[in-house]
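Heads up, the thing below is written out as structure tokens.
The values are calculated or read from the model by the stated rules, or taken from the named source; none is laboratory data. Keep in mind that what you see is a predicted model, and the values were worked out from it rather than measured. All Cβ positions, even for glycine, are placed from backbone atoms using ideal geometry, and neighbour counts span all protein chains on display.
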Amino acid sequence: MDAIQKCQATEAMILCDCDPDRPDFGGTRYDDRRPPTWRGVEEGIPALVEALDDLARQTGDDRAPITWCIRADLQMGETYSDCAWAFRRFEPLWRSLEASGDTIGWHPHLWRWSDEHGCWYQETEDERWIVECLETGYESLCDAYGDHIEICRMGWEFHNNVTMRTLDRLGLQMDASAVPGRRRGPGNDRGSFRHGELDWETTGAEPYRPSVTDYRRPAADGEASLDIVEVPRTVSRSALWGVARRLRSMTAALRAGSITRALWPRRQGAYIHAPMLTSPPVAYRHLIRDWAADGATEANARPFVTAFHADELLAGAGKAYSARNALRNVQDLFGAVLHSQIVEPGDSR
Ligand SMILES: [Zn+2]
């Protein structure tokens, strides 16, 4: 079975970015070079897995399998003198998760220290550095793990042709970074930790082998394609959430004192609704329902692809994310996948 057939045979892929705790979740700031904290991995993941195991015992179904994408890159190397530190430090956890049916994946960030700005920033231009970051991170992680790692989710879901070709050359089978329709930047804040860019504007919903000349789409006739398979995240283009976002940005513009910006906002393209697995069920159900209504469970055989971050599992970590949300969303998702019980928006559990 090749990688595309493997995707089609999979009903749902849940991926976790196993990062250190981010500043919004009680972690170290981006202008701090000291080793970060890992409470999301140390406390959040074991608690979530225990709750999912309990749920599986109650329902008699298998526990939802998760792909744990572990940080390994030059930022980790610089911080801990070992790019694969996060694998080695928490190795008993990863090994026990793998033994229970989960998959170990890779999550590289292109974080580079800026002496000029005194902070970590996402390097998106220096190709030589980017290739070194990916090669060194991947090889270190595979060494620590003792085998090839087959799946990747890029930090901040960034890709360009260089990163996609590098992952392909390293022998990865799948990448799950695409968010179809989403585009951000590039802005003029390079060197700042605020600098984030990604471009999946032209990417569709189906898994594909990227064109050698454009990572965002499959190869056209006569074009060469890479061997790696890109598995896009499940998203919905929702008029309802589009209106909600427009109101939010109008309010923000008015608070900032710009009536012009409130009335004539910057062009932002179609609204892409892609909540994390840890988001409130009221937002998440809508995504499951759209995916199921698309017939993705049958004819298209397109997996439901979703993601979350370890620190979102911490109680009281702020924002709207939580492990409790993740549990409910998993229940709803597997109800839709296994039992075709499509949840309705008014269904409040
Ligand atoms: Zn990350």
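Quick look at the values:
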quantity: Residue check for Asp24: surrounded by fewer than 16 Cβ atoms within 10 Å (Cβ to Cβ) and within 14 Å of the ligand (Cβ to nearest atom); calculated: yes
quantity: Matching residues, the stretch 70-90, being among the hydroxyl-bearing types (Ser, Thr, Tyr) and either more than 15 Å from the ligand (Cβ to nearest atom) or free of Cβ contacts under 8 Å to residues at least 12 places away in the same chain (or both); calculated: Tyr80, Ser81
quantity: Residue list for the stretch 121-149, filter: modelled with pLDDT of 95 or more, farther than 17 Å from Val162 by Cα and of a type outside the set (Val, Ile, Thr); calculated: Glu139, Ser140, Leu141, Cys142, Asp143, Ala144, Tyr145, Gly146, Asp147, His148
quantity: Selected residue (only one of Leu93, Leu48, Leu55 is closer than 21 Å to Glu150 by Cβ, touching a residue at least 24 places away in the same chain (Cβ under 8 Å) and away from the ligand (no atom under 16 Å from the Cβ)); calculated: Leu93
quantity: Number of the exception - Thr67 against (1) more than 16 Å from the ligand (Cβ to nearest atom); (2) within 18 Å of the chain's Cα centre (by Cα); (3) closer than 30 Å to Arg209 by Cβ; calculated: (1)
quantity: Checklist (1) in contact with a strand residue (DSSP E or B) (Cβ under 6 Å, 6 or more places away or on another chain); (2) exposed (fewer than 14 other Cβ atoms within 10 Å of the Cβ); (3) farther than 23 Å from Leu170 by Cα applied to Glu98, failing item; calculated: (3)
quantity: Criterion: touching a Lys or Arg at 6+ places or on another chain (Cβ under 7 Å), at pLDDT 80 or above and either away from the ligand (no atom under 16 Å from the Cβ) or closer than 21 Å to Trp200 by Cβ (or both) - qualifying residue of Pro303, Pro281; calculated: Pro281
quantity: Qualifying residue in the stretch 160-174 (condition: in the same structural domain as Ser81 (by TED's automatic domain parsing), at pLDDT 95 or above and either within 15 Å of the ligand (Cβ to nearest atom) or among the acidic types (Asp, Glu) (or both)); calculated: yes
quantity: Residue match in the stretch 139-155 (condition: more than 21 Å from Ile66 (Cβ to Cβ) and in contact with a strand residue (DSSP E or B) (Cβ under 6 Å, 6 or more places away or on another chain)); calculated: no
quantity: Residues of the stretch 151-176 that turn out to be closer than 16 Å to Glu123 by Cβ and either of a type in the set (Ser, Thr, Tyr) or in a loop (DSSP other than H, G, I, E, B) (or both), as a count; calculated: 6
quantity: Qualifying residue in the stretch 207-214 (condition: hydrophobic (A, V, I, L, M, F, W, C) and surrounded by 16 or more Cβ atoms within 10 Å (Cβ to Cβ)); calculated: no
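Yes or no, residue by residue, for (1) within 16 Å of the ligand (Cβ to nearest atom); (2) in a strand (DSSP E or B):
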| position | (1), (2) |
| --- | --- |
| Trp113 | no, yes |
| Glu116 | no, no |
| Trp120 | yes, yes |
| Arg128 | no, no |
| Glu132 | no, no |
| Thr136 | no, no |
| Glu139 | no, no |
| Asp143 | no, no |
| Asp147 | no, no |
